[in-house]
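Data first, discussion second: the structure below is written as C-alpha cells.
The values are calculated or read from the model by the stated rules, or taken from the named source; none is laboratory data. Owing to the predicted nature of the structure, the values given are computational and were not obtained by experimental measurement. Cβ sites come from the backbone with ideal geometry, for glycine too, and all protein chains shown count toward neighbours.
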Amino acid sequence: MDYNSLSLIPPLLAIILAMLSKDVVLSLFTGLFAGHLVLNAFNPANAFISLFEAIIGLFSEAWITRTLLFALLVGAIIRLIVDSGGVAGFVDYLTQKKNLIRSKRGALLLAYGTGLVIFIESSITSLVAGTVARPLTDRFGTSRQKLAYVCDSTAAPVSSLLAFNGWGALLIVLITEQVNTGVISGQPTALFIRSIPYNFYAIAALFIVLLVILFDWNIGSMKNYEALASKQATKLSTSTSHSHYNPWYMLLPLGILIITMPVALYLSGDGNFLQGSGSTAVFYAVITCLIFTFVYYMLTRALSKQAFYNSFYQGIGDMIPIVLILVLALAIGKITQQLGTGNYLAALSQGILSPALIPAITFLLAALIAFATGTSWGTFSIMMPIAISMGATMDGSIPLIIGAVVSGGIFGDHASPISDTTIISSLAAQCDHIEHVITQLPYALLGATISLVLFILFGLNR
C-alpha cells in the first residue's frame, strides 16, 4: 500500500512533541502509535497490539539485540571504571601530577582529541570521550550540553571520513551494489575514497567544534548553560592528591575495548575489515572488556568481588532509561521504513532537478530523511541508489554525489531528536537529551549552510 504523505505523521509528530514537551519517551511512543494507526487503518485496538508486537519483534534481529545489550554493558563498564577510582585517578594525574589540563579549553580538547583518535565506531567514540572528559569539564565549569556537542560532532563525522570501520564498510557495500548492477563503473573503495573531500558537513562540523573549543564560542541557549556551569564549577584543590586512585583502572579497560573493536571487525568479516559487522564488533569488544576488567580488578584488588557485581548491576540500571529510548527510536525507524517515509520524500524530488543542483538537492533530501527517520545509516541505504542513479543519468560527479548523501545523512542525524547517535552522545555527557539537541542545532545549521553553499558551487562548476 502507498501511504504517501501519511508516512510523515509518525516521525514529525514524535519530533514536534519532543521539542515541545522535552519528554522523549512519551513523544517517541506517541509517534510510534500514530504510525501503527496508519498501518492498521486507524483502528486503535489493532494499532495498540501491533505496536507492542513490533517492539517484541525488534529482538528477533540480532544486530538490534546486540546493540541494546551493548548499551547496557557499556553502562556497567562506565560505572566500574568510576567506582574503582580509575576516572578520579586519571583526572588527578592530568590536573595535579602532570598539570597537563588547567582549563575548560584543555578539558574539551581532551574530548575532541579522543573523538579524533577513536574512530572505529561512533558509539564507542562518544562514550569514551564523554567518560574520560566529563569529570574534567565539570571541574572547570563547562556545561554538559557543550560536552555532548563535542562528543556528537566528533563521533559520526570522524567515522564517516574513514574506510576502515563500520561506516566505511556500509558505504562501500552500498556503492558496490550500484557498480554490480551496472548503474556506474569503477572500483567501489576508490569511489568512496574520492568522495571523502566532498563530505563537506563532516569536515565543517570538525572544524566548527574546534573553533568553539578554542574561542569559547557559544551560540543561542548554549550561552545560558555555559554561564550556569561556570557558576557551579568544582574548584580544583592544589593540595589534595588522590594517590590511592589509579588511572590504569580506567586506561587499561578502555584500551582493551578500543583494541578489540578492529579485531572483532576483522574476525566478523572473515579476514576483511570492510565486510565486518559493526554491531557484532562493538558487542564482543564490550564483552571482552568486561571479562578483562573483572580479572584485572580481582588481581589488583581495585574492587572486591561483591563491589564489582554491585557496580556492574548499578551500571546496567543506569542505562535502562537510555535503552528504552533506543528501543522506541529503533521501533519508529522501523515504522517509517514500513510506511515508506524515506522513499516518499526521495520520490518528491525526482524529475524536477537541474543537473547542476543535484548535489545540493541530494544533500537537503538526505538531511530531511535522516531528520525524519532518526538514522543516518538508513538514509544512506535509501538515498545512495537513488542519488547515484540520478547522477549517472545526468552525467554528474559520482564522488560529489556520494559526499552529498553522507553529509546530508550526518547533518539530519545530528539535528534529529529521535536519532540513536544523538541519544548516545547525550548519554556520554550525562546531559538532558532535548537540551543537547537544542544547543547543538545552531552549530549543526551553520555546518549545513556551509555545506549547502559548497555543494551548489561544486555542482555549478561540473
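What number goes with the only condition from (1) buried (at least 24 other Cβ atoms within 10 Å of the Cβ); (2) closer than 30 Å to L400 by Cβ that V158 does not pass?
(1)
Take the residues in the stretch 182-191 that are touching a helix residue (DSSP H, G or I) at 6+ places or on another chain (Cβ under 6 Å) and more than 12 Å from I401 (Cβ to Cβ); name whichever of them is surrounded by the fewest Cβ atoms within 10 Å (Cβ to Cβ).
Checked the stretch 182-191; the qualifying residue surrounded by the fewest Cβ atoms within 10 Å (Cβ to Cβ) is T189.
Filter the stretch 135-155 for residues that are of a type outside the set (D, E, K, R) and over 21 Å from A88 (Cα atoms); which is surrounded by the fewest Cβ atoms within 10 Å (Cβ to Cβ)?
Of the residues in the stretch 135-155, the ones of a type outside the set (D, E, K, R) are 135-137, 140-143, 145, 147-151, 153-155.
From what's left, over 21 Å from A88 (Cα atoms): 145, 149-150, 153-155.
Details: Q145: 25, Y149: 30, V150: 31, S153: 29, T154: 29, A155: 30.
So the residue we want is Q145.
Can you find a residue that is farther than 30 Å from G459 by Cβ, among the β-branched types (V, I, T), in contact (Cβ under 8 Å) with a residue 60 or more places away in the chain and touching a helix residue (DSSP H, G or I) at 6+ places or on another chain (Cβ under 7 Å) anywhere in the stretch 210-223?
yes
Output the residues belonging to the stretch 20-31 that are hydrophobic (A, V, I, L, M, F, W, C) and within 14 Å of I325 (Cβ to Cβ).
Of everything in the stretch 20-31, those that are hydrophobic (A, V, I, L, M, F, W, C) and within 14 Å of I325 (Cβ to Cβ) turn out to be V24, V25, L26, L28, F29.
Checking S84 against (1) of a type in the set (S, T, N, Q); (2) under 30 Å from W248 (Cα atoms); (3) surrounded by fewer than 19 Cβ atoms within 10 Å (Cβ to Cβ), which single condition isn't satisfied?
Here S84 clears every test but (3).
Could you say which residue among L441, L427, L446 is more than 25 Å from R134 (Cα to Cα) and among the hydrophobic types (A, V, I, L, M, F, W, C)?
L446
Exactly one condition in (1) polar (S, T, N, Q); (2) within 30 Å of T293 (Cβ to Cβ); (3) at pLDDT below 90 is false for S7; which is it?
Every condition holds for S7 apart from (2).
For A387, state whether it is crowded, with 20+ Cβ neighbours inside 10 Å, within 21 Å of T176 (Cβ to Cβ), of a type in the set (A, V, I, L, M, F, W, C) and touching a residue at least 24 places away in the same chain (Cβ under 8 Å). Break it down stepwise before answering.
On the way: crowded, with 20+ Cβ neighbours inside 10 Å: yes; within 21 Å of T176 (Cβ to Cβ): yes; of a type in the set (A, V, I, L, M, F, W, C): yes; touching a residue at least 24 places away in the same chain (Cβ under 8 Å): yes.
So A387 passes the test.
Going by the structure shown, is A370 under 20 Å from the mean Cα position of the chain (by Cα) and either part of a helix (DSSP H, G or I) or not hydrophobic (A, V, I, L, M, F, W, C) (or both)?
yes
How about the stretch 62-128: which helices (runs of 4 or more DSSP H) wholly inside it have at least 1 residues that are within 19 Å of the chain's Cα centre (by Cα)?
Passing ranges, in order: 62-83, 104-117.
So for the stretch 412-432 (the condition being more than 19 Å from A156 (Cα to Cα) and either modelled with pLDDT under 85 or over 16 Å from the mean Cα position of the chain (by Cα) (or both)), does at least one residue qualify? Can you show your working first?
Of the residues in the stretch 412-432, the ones more than 19 Å from A156 (Cα to Cα) are 432.
With either modelled with pLDDT under 85 or over 16 Å from the mean Cα position of the chain (by Cα) (or both) added as a condition, the list becomes none.
For the stretch 412-432, residues more than 19 Å from A156 (Cα to Cα) and either modelled with pLDDT under 85 or over 16 Å from the mean Cα position of the chain (by Cα) (or both): absent.
Before we move on, is I402 modelled with pLDDT of 85 or more, under 17 Å from T181 (Cβ atoms) and touching a helix residue (DSSP H, G or I) at 6+ places or on another chain (Cβ under 7 Å)? If you could, list the steps in order and put the result at the bottom.
On the way: modelled with pLDDT of 85 or more: yes; under 17 Å from T181 (Cβ atoms): yes; touching a helix residue (DSSP H, G or I) at 6+ places or on another chain (Cβ under 7 Å): yes.
So I402 fits the description; yes.
Given the criterion closer than 15 Å to I325 by Cα and in contact (Cβ under 8 Å) with a residue 12 or more places away in the chain, identify the matching residue among A47, A34, A71, A62.
Result: A71 is the single residue among A47, A34, A71, A62 that is closer than 15 Å to I325 by Cα and in contact (Cβ under 8 Å) with a residue 12 or more places away in the chain.
Please go through the stretch 295-316 and pick out each residue that is over 27 Å from T67 (Cβ atoms) and exposed (fewer than 14 other Cβ atoms within 10 Å of the Cβ).
M298, L299, T300, R301, S304, K305, Q306
Would you mind telling me which numbered condition in (1) in a helix (DSSP H, G or I); (2) surrounded by fewer than 19 Cβ atoms within 10 Å (Cβ to Cβ); (3) under 25 Å from the mean Cα position of the chain (by Cα) F48 fails?
Every listed condition holds for F48 apart from (3).
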